[in-house]
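Undergrad: What follows is a single structure, and I will ask about it in a moment.
The values are calculated or read from the model by the stated rules, or taken from the named source; none is laboratory data. Predicted model only: the values in this text are computed from it and were never measured. Ideal geometry is used to build each Cβ from the backbone, glycine not excepted, and the neighbour counts take in all protein chains shown. Side chains included, ligands, DNA and RNA excluded: accessible areas come from the protein's heavy atoms. Shrake-Rupley method; radii C 1.70, N 1.55, O 1.52, S 1.80 Å.
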Amino acid sequence: MGDGESRPLVARRLRDGQWHGVDTVAVVLLALAFGASETRSGGWGAGAVAAVVWLPVAVRRRRPVRVLYMVLAGAVFAMAFTGWEESWVPVGAALYTVAAREPGRRSATALGCSLGAVAAAMALVPRPVPASGVAWGVVFASLMMTLPWLVGTALREQRSYAELAARQAVTDERLRIARELHDVVAHHLTVIAVRAEVARAVASTNPQEAERTLALVGTAGRTALTEMRRMLGVLRSPGDGAELGSASGLADLPALAAGAGPRVELSVDPDPPLPPGVELAVYRIVQEALTNVVRHAGSADCRVKLSRMGPEAVEIEVVNDAPSRLPSRRPGGGHGLIGMRERAAMCGGTLSAGPLATGGFRVHARLPCGSEAAR
């Protein structure tokens with residue numbers, strides 16, 4: 001066990017069967033204690049009733065509501081016929097379990113029934129008790145039953161919140177992985193598909209162009225495999241603080257532009273350096289923009305420009321010319337712009353995209369990289 005790890009509490013290491021054993025031992029001891037106390041004050045019959053009222057609490061985790069009403073019936077009988085005013089104690093224990101394990105409406109109904117039944121039973125105590133004493137007894141018993149119920153309710157809500165947070169974390173991680181898979185795979189597969197079609201079209205008339213195009217296909221395939229291996233390595237090593245695809249940044253943009261397929265004019269202002277998270281966002285936005293160029297504009301020329309807007313922001317502009325001919329439509333896609341906007345929003349930035357009057361297309365993003373990006 002590493003220095004940074006800590007053993008969980010004993011209570012969190014117990015299984016359900018072990019908890020049932022703990023409950024049984026505790027209930028037997030409480031039944032003996034309360035039974036002995038009631039025997040001294042009210043005789044053997046009162047002591048036996050006090051002990052029996054406690055016994056169902058041993059299985060409170062398995063049937064919370066049923067156990068509560070069994071204990072409540074025994075408590076009402078004990079108060080009404082033996083005068084045992086402390087019978088609210090096992091009711092409080094059963095109420096705690098109901099509040100911790102049952103839905104809110106059922107739990108509130110159980111509390112209301114318990115308060116009403118115990119108040120009515122205390123009013124019927126056989127020995128003469130002044131009205132003020134009865135009122136005080138009802139208030140005290142109600143308080144001592146409500147407090148365990150409130151604790152159980154808080155525990156249930158805390159557990160529900162933790163489960164909701166865990167589900168949300170799983171959903172967020174799935175979305176993050178899906179976004180990275182889209183960014184890594186879609187770009188390279190799109191380049192491979194488009195370049196393969198071009199190579200097939202020019203193979204008989206321009207063998208040199210076909211050879212160059214097939215070289216691009218091979219490069220894109222190898223790059224996709226490398227990035228997929230990197231991603232799988234991160235997924236197999238949780239908790240090491242690595243970010244999916246975190247190795248991608250501004251230094252990888254020239255290789256990305258060279259392997260995109262269309263002729264890309266790249267202009268990058270590298271100073272001052274960008275935070276790693278912003279670098280990854282910049283790389284993915286440019287990658288997705290180039291993927292869209294390949295998919296929708298074929299071999300149209302493209303310009304990628306990264307400009308620093310002072311120390312606090314970076315501006316990304318990807319513009320492609322009008323295609324000489326529209327490429328054939330392919331199934332899939334449709335989430336590229338959404339993914340780019342999500343990338344920009346994660347950094348606190350903005351992104352706009354739209355066609356140009358000349359027939360081309362422009363993607364423009366502004367990402368904060370100072371104190372705003374850290375929020």
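Undergrad: Any idea how far apart residue 19 and residue 193 come out in nm if each label point goes 7 Å out from Cα toward Cβ?
TA: Output for this residue pair reads 5.1 nm.
Undergrad: Quickly rank 274-286, 110-122 as a protection proxy: mean count of other C-beta atoms within 10 Å, highest first. Working shown, then result.
TA: Working: 274-286: 21.7, 110-122: 18.7.
Result, highest mean Cβ count within 10 Å first: 274-286, 110-122.
Undergrad: Order the peptides 94-101, 145-152 from the highest to the lowest mean number of other Cβ atoms within 10 Å of their residues.
TA: Put in order of decreasing packing, that is 94-101, 145-152.
Undergrad: Sort the following peptides by mean Cβ neighbour count (other Cβ atoms within 10 Å, averaged over residues), highest first: 287-297, 303-313, 201-211.
TA: Details: 287-297: 23.7, 303-313: 15.1, 201-211: 12.4.
Per-residue mean Cβ counts within 10 Å order the peptides as 287-297, 303-313, 201-211.
Undergrad: So, one more: Express in Å², to the nearest 10, the accessible area of residue 52 obtained by rolling a 1.4 Å probe over the protein heavy atoms while all chains stay in place.
TA: So the heavy atoms of residue 52 present about 90 Å² to solvent.
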